[in-house]
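Here's the structure, in structure tokens; my notes come after.
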Amino acid sequence: MNVLPLTHPGKRRPRLTLLALGGTIAGKANQSTVYAGYQAAVADISEVLSSVPELSGVADIQTRQLFQVASQDMASQHLLALGKEINVLLSRPDCDGVVITQGTNTLEETSFFLNLVVRSHKPVVVTGAMRPSTSLSADGPMNLYRASVVAASPQARGRGVMVVMNDQILGARDVHKTDTMTVDSFKAPLFGVMGLVADNVCHFYRSGIRCHTLDSEFDISETQELPKVDIVYGYQDDDRALLDACVESGSKGVVLAGAGTAAISARLVPAVKDAIASGVAVVRVSRSSLGLVGHNVEFDDDVYGTSSGDTLNPAKARILLMLALTRFSSRASIQACFDRY
Ligand code: SIN
């Protein structure tokens, strides 16, 4: 078992910063039992916090309302601002960890991005809620509590960015939102949970071995903008129009979410060749929710110049490709990123 130095070796209370971005955890509905009339991102962080007075028993908590958005409205500018803010906070000796509350719709993308750009071993934990704060049995308060327990724990250091939902600790690389409604929506079906939170204690069982945080080569401290990367979905009857439109509108990279092991239809192959000839990086991932897309499997990546996206889903592959393109342009280097992260 890897034993990491303690941030706050029992001498003082942990100090956490809570960054609020919006989402359903800050959402309200007109009724407690239905979602009709529900709006995400309306309660501010002090209101969210007031529903969890027990947090004062976990840590000293500073709060900051960084954004107030539904997470589908987040964009790479939000990610860059968030990543930079976290790196500043974690460089300070008076911050032992960061908890982020955001909408669940794109929580996978934010957490994976942070996993690749945070420059610290201090815990960073992302959480949210499947039910608005006004719901009967709202899940947000307990998720926030559990996330703070994990962020305050010295055992959580060095494990990369984590997502805490429904009493489970999930690695940012592997977590999927698997269900549109249920409170156990967040899972890591391929590789399993990293740990559990029970009775105010976190129990860790495994860590991912793909590079993250301090082992990552992505430095966003000077980055003003991320390269435009789009996703094109493969389906029966697909044609080249959408891929061509990406190239024409200035995409620097395209994630192709192909069927099965990221198979690409014969209809799309000429457009893939043209995209690559014009300098656009093309990465194949699967539109199936789980499984490996191996190199040269189902498609001859080495002949066409595409990269294979390993086990990443399309949204996460897009995050990695944006970051990869901030540093690299060659296909070999981009493929190496998908093999490493
Ligand atoms: C959002 O992602 O902002 C809304 C949905 C949610 O938080 O579950």
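So is V126 in the same structural domain as L196 (by TED's automatic domain parsing), part of a strand (DSSP E or B) and within 16 Å of the ligand (Cβ to nearest atom) or not?
Details: in the same structural domain as L196 (by TED's automatic domain parsing): yes; part of a strand (DSSP E or B): yes; within 16 Å of the ligand (Cβ to nearest atom): yes.
Considered against the rule, which asks whether it is in the same structural domain as L196 (by TED's automatic domain parsing), part of a strand (DSSP E or B) and within 16 Å of the ligand (Cβ to nearest atom), V126 comes out as yes.
Return yes when A275 is of a type in the set (A, V, I, L, M, F, W, C), touching a strand residue (DSSP E or B) at 6+ places or on another chain (Cβ under 7 Å) and within 17 Å of G250 (Cα to Cα) and no when it is not.
Working: of a type in the set (A, V, I, L, M, F, W, C): yes; touching a strand residue (DSSP E or B) at 6+ places or on another chain (Cβ under 7 Å): yes; within 17 Å of G250 (Cα to Cα): yes.
The answer is yes for A275.
Got a sec? Which of L214, L242, L226 is open to solvent by 90 Å² or more (accessible area, probe 1.4 Å), out of contact with any Asp or Glu (no Cβ under 7 Å at 6 or more places or on another chain) and modelled with pLDDT of 95 or more? I'd like the intermediate steps shown before the answer.
Numbers: L214 fails: open to solvent by 90 Å² or more (accessible area, probe 1.4 Å); L226 fails: open to solvent by 90 Å² or more (accessible area, probe 1.4 Å).
Result: L242 is the single residue among L214, L242, L226 that is open to solvent by 90 Å² or more (accessible area, probe 1.4 Å), out of contact with any Asp or Glu (no Cβ under 7 Å at 6 or more places or on another chain) and modelled with pLDDT of 95 or more.
Within the range 82-97, is there a residue that is open to solvent by less than 40 Å² (accessible area, probe 1.4 Å), out of contact with any Pro (no Cβ under 6 Å at 6 or more places or on another chain) and either modelled with pLDDT under 95 or in a loop (DSSP other than H, G, I, E, B) (or both)?
yes
Select from the range 29-42 the residues that are within 15 Å of the ligand (Cβ to nearest atom), touching a residue at least 40 places away in the same chain (Cβ under 8 Å) and more than 24 Å from the chain's Cα centre (by Cα) and write down the one among them that is least open to solvent (accessible area, probe 1.4 Å).
Once the filter is applied, the top-ranked residue is A29.
Mind checking which pairs have a first residue in the range 51-78 that is on the phi < 0 side of the Ramachandran plot and in contact (Cβ under 8 Å) with a residue 40 or more places away in the chain and a second that is within 16 Å of the ligand (Cβ to nearest atom) and polar (S, T, N, Q), Cβ under 6 Å, 6 or more apart or different chains?
S71/Q102; S71/N105; S71/T106; M74/T106
Before we move on, is L66 in contact with a Cys (Cβ under 8 Å, 6 or more places away or on another chain), at pLDDT 95 or above and farther than 17 Å from K316 by Cβ?
On the way: in contact with a Cys (Cβ under 8 Å, 6 or more places away or on another chain): no; at pLDDT 95 or above: yes; farther than 17 Å from K316 by Cβ: yes.
Considered against the rule, which asks whether it is in contact with a Cys (Cβ under 8 Å, 6 or more places away or on another chain), at pLDDT 95 or above and farther than 17 Å from K316 by Cβ, L66 comes out as no.
The values are calculated or read from the model by the stated rules, or taken from the named source; none is laboratory data. From a predicted model like this one, the values you see are computed outputs, not experimental measurements. Virtual Cβ from ideal backbone geometry, glycine too; neighbours counted across all protein chains shown. Accessible surface is based on the protein model in full, side chains and every heavy atom, while ligands, DNA and RNA are left aside. Shrake-Rupley method; radii C 1.70, N 1.55, O 1.52, S 1.80 Å.
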